[in-house]
1. Quick one: is residue 147 crowded, with 18+ Cβ neighbours inside 10 Å, in contact with a helix residue (DSSP H, G or I) (Cβ under 6 Å, 6 or more places away or on another chain) and either over 19 Å from residue 215 (Cβ atoms) or modelled with pLDDT of 90 or more (or both)?
2. Which residue is nearest to the chain's Cα centre (by Cα), if the candidates are limited to the range 138-152 and must be under 27 Å from residue 203 (Cβ atoms), without any contact (Cβ under 8 Å) to a residue 60 or more places away in the chain and not in a loop (DSSP other than H, G, I, E, B)?
3. Could you say which residue among 174, 166 is surrounded by 13 or more Cβ atoms within 10 Å (Cβ to Cβ), in contact with a helix residue (DSSP H, G or I) (Cβ under 9 Å, 6 or more places away or on another chain) and closer than 17 Å to residue 11 by Cβ?
4. If we keep just the residues of the range 191-201 that are at pLDDT below 95 and in a loop (DSSP other than H, G, I, E, B), which is surrounded by the fewest Cβ atoms within 10 Å (Cβ to Cβ)?
5. Are any residues in the range 106-122 surrounded by 18 or more Cβ atoms within 10 Å (Cβ to Cβ) and free of Cβ contacts under 8 Å to residues at least 24 places away in the same chain, and if so, which ones?
6. Which condition does residue 109 not pass, out of (1) at pLDDT below 95; (2) touching a helix residue (DSSP H, G or I) at 6+ places or on another chain (Cβ under 8 Å); (3) within 26 Å of residue 200 (Cα to Cα), if it passes all the others?
């Protein structure tokens, strides 16, 4: 399958013979120009302009784009999607943090998109995700996970491949306020990471040890 990053929290996932999925398309009000994408399914982790601009996605096939919002189990064109509710611990005087994390199963290859998650889930919440081959994780802080939180979650999930998102790659003022990838790499004990324009992965090509891959933003 192929995974392409379009900036912020937005990814496009496609596998031959299956439906194409776009996760968390963002709105121009976030400061970045949203890409025009083709897909069959859009998943939304949070009702926020950084995650729910379904208008940026055009149907890949004839017919409307199908939209998945919230927890549940969905099967569409050979892709199995599971939305898992994530709820943080209640803190006095603060609203409870909530969101949906999605697992996408493309013929046995599982991708998990943490979306706008901003807290470290409990062990029970992590176990609900089951085996994770590829983890899409925010690392830049802001309204998402910090580098330290992302590193902690990775140690709990133990994915084969980690693809960071929502970090400082330049561009809009809001994006430049986020941490750079180097802070996360340091938390992971790495001096650098492999950079590529798109991730092409199969079950047989998965590494034995967790590998961090930095994807370039495709406009």
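The values are calculated or read from the model by the stated rules, or taken from the named source; none is laboratory data. These numbers come from a predicted model, not from an experiment. Heads up, the Cβs are rebuilt from the backbone with ideal geometry, glycines too, and the neighbour counts pull from every protein chain shown.
1. Yes.
2. Checking each candidate, the answer is 150.
3. 166
4. 191
5. If the condition is that a residue be surrounded by 18 or more Cβ atoms within 10 Å (Cβ to Cβ) and free of Cβ contacts under 8 Å to residues at least 24 places away in the same chain, then no residue fits.
6. Here residue 109 meets the rest and fails (1).
Here is a yes/no grid of residues against (1) touching a residue at least 60 places away in the same chain (Cβ under 8 Å); (2) touching a helix residue (DSSP H, G or I) at 6+ places or on another chain (Cβ under 7 Å); (3) farther than 21 Å from residue 44 by Cβ; (4) assigned to a strand (DSSP E or B):
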| position | (1), (2), (3), (4) |
| --- | --- |
| 75 | no, no, no, yes |
| 101 | no, no, no, yes |
| 124 | no, no, yes, no |
| 132 | no, yes, no, no |
| 136 | yes, no, no, yes |
| 154 | no, no, yes, no |
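Let's see how each residue does on (1) crowded, with 20+ Cβ neighbours inside 10 Å; (2) at pLDDT below 95:
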{"site": "9", "(1), (2)": "yes, no"}
{"site": "12", "(1), (2)": "yes, no"}
{"site": "41", "(1), (2)": "yes, no"}
{"site": "74", "(1), (2)": "no, no"}
{"site": "89", "(1), (2)": "no, yes"}
